[in-house]
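The structure under discussion appears below in the form of structure tokens.
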Amino acid sequence: MCADKTASAGAPTGLPLASPSAVRPEVCGFKPYTPGLSIDEIRDRYGLAHVIKLASNENPLGTSPVVQHALRHKADLAFRYAQSGNPRLTAAIAAHHGVPAERVVAGNGSDEIIDLIVRVRAVPGVHNVVAFNPCFSIYELQTRLAGVEFRQAPLAADFSFDWDGLMALVDDATAVVFVTTPDNPSGFCPPVADLERLARALPSGCLLVVDEAYMDFCGDESAHSLLARIDEFPNLAVLRTFSKSFGLAGLRLGYGILPVQLADYLRRVRLPFSVNILAEEAGLAALADDVFRAETLRVTSEGRAALTAGLTALGCHVYPSKANFVMFRPAPTCKSAAHLFEELLRRGIIIRPLKSYGLPDLLRVSVGSPDENAAFLKAAGEIMAHV
């Protein structure tokens with residue numbers, strides 16, 4: 001235990017009582033998830049009237065008007081518990097993807113599904129979990145909190161996936177392999193044939209979890225996702241989220257499409273009512289709003305192209321992206337990535353430094369509205385020109 005242990009009279013020999021603040025050893029030195037800075041935080045820090053946030057890969061169009069109407073219309077239900085298991089929502093998700101409803105588990109963000117998969121699949125001291133490095137930090141955080149060994153294979157120098165390096169860490173005790181595509185923070189998106197080979201190469205007892213939080217933005221899902229062929233792969237689970245293209249990041253709603261038996265186990269152990277009733281109503285409305293989603297994908301695709309072209313013209317190295325963000329190295333004229341980040345903050349523009357990913361020389365910027373993208377490029381150009 002991390003906290004000091006104290007013995008008391010009558011305590012069994014060899015079993016000292018811990019203090020009330022004692023915690024499991026996995027919690028000692030635990031580093032929490034590092035979120036993007038908030039608008040209010042930067043507004044207060046610099047006394048700004050207007051702040052642009054391009055740090056957290058949120059929807060550039062905001063929240064669908066259809067969803068807003070549904071939330072206003074259903075607000076009087078906030079005193080009710082949601083129906084156990086969210087059957088209407090899971091049925092709608094299943095219909096959206098053309099999969100059986102018994103495969104679908106909704107969660108409080110896809111983060112909850114990640115946490116449940118690790119805790120249901122992996123036994124501490126017996127199994128291990130494998131991912132690339134860097135990766136979405138929740139994979140590591142929840143694996144280590146569960147007391148399970150976490151292994152990471154470095155990405156290639158260009159941020160593509162070193163499949164041989166990943167497989168070298170996999171053994172018969174590997175319970176889960178996580179792959180994110182498009183990847184975060186680079187936006188790299190491998191061809192579907194690579195994922196197929198990986199799924200077939202893994203040990204029969206290993207679950208491949210493909211986190212497709214950004215797959216909506218790739219342009220051609222059939223070229224990059226196995227979801228439409230999930231029945232061919234008994235060891236495959238796919239994660240999706242409502243936070244990005246559906247514009248519901250603040251309501252925390254995601255889901256997994258899983259092997260049927262595993263989905264059943266997750267439903268058994270999931271905390272009751274983790275998907276609240278308004279999030280469920282919002283998800284149903286979002287799935288029905290094809291116009292908003294199509295416009296989101298159009299604006300994001302055009303904005304990603306504009307950011308890539310604009311940053312390249314400023315002398316930055318921009319990495320190819322299939323997501324709703326781009327990762328870049330500032331121009332050689334720039335003092336440092338940290339300098340550019342801080343100077344942008346002073347001007348009320350928040351992007352994402354990648355120090356927490358172990359990439360202190362790189363930055364990530366989310367696709368915003370056309371005006372937001374233009375304001376970012378103008379400010380970045382002025383800062384890098386005057387270093």
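The values are calculated or read from the model by the stated rules, or taken from the named source; none is laboratory data. For clarity, every value in this text was computed on a predicted model and none was experimentally measured. Cβ coordinates were reconstructed from backbone atoms using ideal geometry, including for glycine residues, and neighbour counts include every protein chain displayed. In case anyone asks, the SASA skips ligands and DNA or RNA and just uses the protein heavy atoms, side chains included. Shrake-Rupley method; radii C 1.70, N 1.55, O 1.52, S 1.80 Å.
Quick look at the numbers
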| read-out | value |
| --- | --- |
| All aspartates and glutamates inside 12 Å of LYS244 as judged from Cα atoms, apart from same-chain residues fewer than 8 positions distant | GLU58, GLU212, ASP216 |
| Gain on full stretching of the segment that runs from ARG72 to ASP220 - 0.36 nm per residue minus C-alpha separation | 49.8 nm |
| Whole-Hz couplings from phi, Karplus 6.51/-1.76/1.60, listed for region 351-361; x for Gly and Pro | 10, 10, x, 10, 4, 5, 8, x, 10, x, 8 |
| Computed lengthening from ILE39 to ARG229, 0.36 nm per intervening residue step minus Cα-Cα distance | 64.3 nm |
| When the chain is reduced to its Cα atoms, the Kirkwood hydrodynamic radius in Å | 22.4 |
| Given LYS31/LYS335; LYS31/LYS378; LYS74/LYS378, the pairs whose alpha carbons are separated by over 31 Å | LYS31/LYS378; LYS74/LYS378 |
| For the chain, accessible area per residue (1.4 Å probe, heavy atoms of protein chains only), Å² | 45 |
| Cβ-derived FRET efficiency at R0 22 Å, HIS317 paired with ASP162, nearest 0.05 | 0.60 |
| Rounded percent of accessible protein surface that carbon and sulfur make up, the chain, 1.4 Å probe | 55 |
| Label-point gap, in nm, between SER204 and ASP371 - each point 7 angstrom along Cα→Cβ | 6.0 |
